[in-house]
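Encoded as structure tokens, the structure appears first; notes follow it.
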Amino acid sequence: MDLHRRPPSATIPGAEATNNHSRRLKSPSPTPSLKASDALPLPLYLTNTIFFTLFFSVAYYLLGRWRDKIRSSTPLHVVTLSEIAAIVSLIASFIYLLGFFGIDFVQSFISRASNDGWDLDDTIPTGQTNFPVAVANSVADQTLPKSTLPKPLFCIKEDEEIVNSVVEGTIPSYALESRLGDCFRAAAIRREALQRTSGKSLEGLPLEGFNYDAILGQCCEMPVGFVQIPVGVAGPLLLDGFEYTVPMATTEGCLVASTNRGCKAIYASGGAESVVLRDAMSRAPVVRFSSAKRASQLKFFLEDPLNSETLAVVFNRSSRFARLLGIQCAMAGKNLYMRFTCSTGDAMGMNMVSKGVQNVLDFLQNDFPDMDVIGISGNYCADKKPAAVNWIEGRGKSVVCEAVIKEEIVKTVLKTNVAALVELNMLKNLAGSAIAGALGGFNAHASNIVSAIFIATGQDPAQNIESSHCITMMEAVNDGRDLHISVTMPSIEVGTVGGGTQLASQSACLNMLGVKGSSKESPGSNSRLLATIVAGAVLAGELSLMSAIAAGQLVKSHMKYNRSCKDVTKISS
């Protein structure tokens with residue numbers, strides 16, 4: 001039954017059987033609830049931004065004027081017309097900010113309180129002061145579809161009108177956040193409109209329990225819910241003398257358990273060591289000239305060491321962390337591809353390097369006015385695509401990680417032997433990948449571990465493509481008794497600030513690793529440490545999977561851990 005057609009006095013079925021008292025939903029107020037901010041000509045966040053800017057600009061101006069008066073011994077009470085206007089503007093903006101931030105706080109508080117459930121009549125059982133919200137929701141769920149359950153009661157009629165407007169196309173779905181000023185409410189309305197237009201139910205896709213404000217303008221547009229992915233932990237991973245518990249978000253059975261076994265073998269053998277060989281993010285615009293000769297002139301200009309300092313100054317204006325490291329050029333006829341590489345601190349750095357590249361392009365336009373910029377990215381970067389340039393030159397963090405696994409550990413923990421692992425690695429990861437024409441895929445399953453850690457820590461999952469470039473090497477050492485294993489990964493693209501790293505769950509996983517946020521003492525060290533942890537986890541994953549294949553345990557382990565079984569005693573047996 002439609003909520004809006006239910007008579008105000010209708011009782012909720014089942015409530016009387018619960019406690020012998022009828023429960024009634026309060027009818028919506030006949031007068032729509034208005035916010036103080038509705039009277040503003042602009043959205044609240046935009047109006048606040050304007051007054052914020054006005055307040056600090058005027059304050060800065062007045063401080064500068066008063067400093068000049070003190071230096072020139074001019075009395076402070078002697079003011080000009082512009083100073084009077086500035087003082088009035090300062091007072092007005094202060095009053096506005098104080099008043100409307102207070103109003104916004106009260107509005108948000110009321111909104112959060114109303115999310116706890118529906119208001120009920122005062123007919124409650126004797127001895128009870130509150131009718132439980134959970135009971136009210138469960139009773140309502142028996143009668144009404146979940147998609148029609150409102151948040152605050154006073155928004156029922158208004159939200160229904162907005163849903164109808166979105167369905168009819170008079171209000172764009174993407175504009176709900178800016179129009180409503182409430183990201184959760186916008187997601188709920190968009191979700192309901194989608195269900196009505198598509199005729200498909202979204203039941204099972206969670207809506208509540210997520211901070212939609214945190215993703216606005218940086219992570220996801222037009223949200224209608226969120227997807228739950230379980231996070232497991234592998235470890236401790238003993239890497240460079242420190243222990244790390246590695247979070248992995250995945251829906252693949254055996255992956256965390258296998259990586260955990262590899263961590264155990266590495267730990268028992270004294271740990272792994274890693275080295276960051278290079279740290280450089282890239283962006284490669286493509287420009288066109290009227291002739292190949294003219295394009296070559298720009299190529300020679302960019303590669304001339306005499307111009308490198310000037311180009312670096314122009315590029316580095318984009319950020320206090322961006323530092324231009326080099327420019328590599330390639331030509332295709334009269335088209336020139338310029339691959340800029342730079343350090344980016346603790347950010348993954350795509351936006352940072354793109355701004356620096358734009359600065360250089362604007363600068364070059366003065367000396368090369370005939371340069372036609374076709375695109376800020378010409379795929380010579382190369383981002384989110386398998387490419388030999390990343391495999392050879394590297395992109396992001398280039399890391400090598402190694403460990404020596406003792407013979408007894410190979411036998412007792414990994415259930416195989418050194419000779420079998422070395423032979424399997426040569427025939428599978430090296431020769432087999434070569435026959436397949438693999439590009440950077442000379443490994444067993446590096447992508448598995450990289451993807452799981454990327455999702456858990458808020459990295460860009462699509463950059464798993466180049467970040468999973470890996471060559472796994474194994475050889476017998478110490479007179480053939482022990483195993484030396486290494487992974488070389490030339491393009492791990494990670495960051496500990498920006499993007500999805502700021503979300504609560506992903507931030508918690510970064511905090512677990514001790515790399516949350518930006519390092520104040522040594523900018524860039526947190527992201528480099530995260531890259532080494534990724535490589536160390538890949539090392540553990542490679543070691544364990546290869547051992548399972550060598551020992552013929554792969555199918556057996558997947559049948560044990562990757563099949564649904566309600567009886568947990570069978571899993572542990």
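The values are calculated or read from the model by the stated rules, or taken from the named source; none is laboratory data. Just so you know, these numbers come straight off a predicted model, no measurement behind them. In case anyone asks, the SASA skips ligands and DNA or RNA and just uses the protein heavy atoms, side chains included. Shrake-Rupley method; radii C 1.70, N 1.55, O 1.52, S 1.80 Å.
Ranked from largest, the principal axis spans of the Cα set of the stretch 457-542 equal 48, 29, 21 Å. When only Cα pairs below 8 angstrom with a gap of at least 6 residues are kept, the stretch 172-267 shows a relative contact order of 22 percent.
Going by accessible surface with a 1.4 Å probe and the largest first, 321, 94 read 94, 321. Ordered by 1.4 Å accessible area with all protein chains kept, 283, 179, 294, 320 run largest first as 320, 179, 294, 283. With N counted as the residues of the stretch 45-85, its alpha-carbon radius of gyration over 2.2 N^0.38 Å works out to 1.43. Solvent exposure of the stretch 414-484, expressed per residue, is 40 Å² of accessible area, with all protein chains present and a 1.4 angstrom probe.
Pairs of C-alpha atoms in the stretch 254-298 farther apart than 13 Å represent 75 percent of all such pairs. Measuring with a 1.4 angstrom probe and ignoring ligands and nucleic acids, residue 372 comes out at about 70 Å² accessible. Using θ = phi - 60° in the Karplus curve 6.51 cos²θ - 1.76 cosθ + 1.60, the 3J(HN,Hα) couplings for the stretch 255-266 round to 5, 5, 4, 5, 5, 4, 5, x, 4, 4, 5, 5 Hz; x is entered for Gly and Pro. Considering all different alpha carbon pairs of the stretch 223-277, the Kirkwood hydrodynamic radius works out to 12.6 Å.
Pairs from the table (355/385; 428/516; 385/406) lying more than 29 angstrom apart at Cα are 428/516; 385/406.
Solvent-accessible area assigned to carbon and sulfur over the stretch 293-394 amounts to 52 percent, based on a 1.4 Å probe. Sequence-ordered 3J(HN,Hα) estimates for the stretch 326-341 from the Karplus curve with 6.51, -1.76 and 1.60 and θ = phi - 60° stand at x, 10, 10, 10, 9, 10, 9, x, 8, 9, 10, 10, 10, 9, 7, 10 Hz, glycine and proline given as x. Across the stretch 318-406, Cα-Cα pairs farther apart than 20 Å form 43% of the total. The residues 66, 391, sorted by heavy-atom accessible surface at 1.4 Å with ligands and nucleic acids left out, run 66, 391 from largest to smallest.
Only protein atoms count toward the accessible area here, which uses a 1.4 Å probe; on the stretch 187-277, the carbon and sulfur part of that area reaches 55 percent. Based on the Stokes-Einstein relation at 37 °C and a viscosity of 0.692 mPa s, and on the Kirkwood radius from alpha carbon pairs, the stretch 151-248 is assigned a translational diffusion coefficient of 208 µm²/s. Over the stretch 385-530, the ratio between the Cα radius of gyration and 2.2 N^0.38 Å evaluates to 1.18. Ranked from largest, the principal axis spans of the Cα set of the stretch 188-289 equal 59, 53, 23 Å.
Of all aspartates and glutamates in the structure, the ones whose alpha carbon falls short of 17 Å from that of residue 293, not counting any fewer than 8 places away in one chain, are 303, 304, 367, 370, 372. Rg over Rh for the stretch 504-548 works out to 1.13, both radii taken from alpha-carbon positions and Rh defined as the Kirkwood radius.
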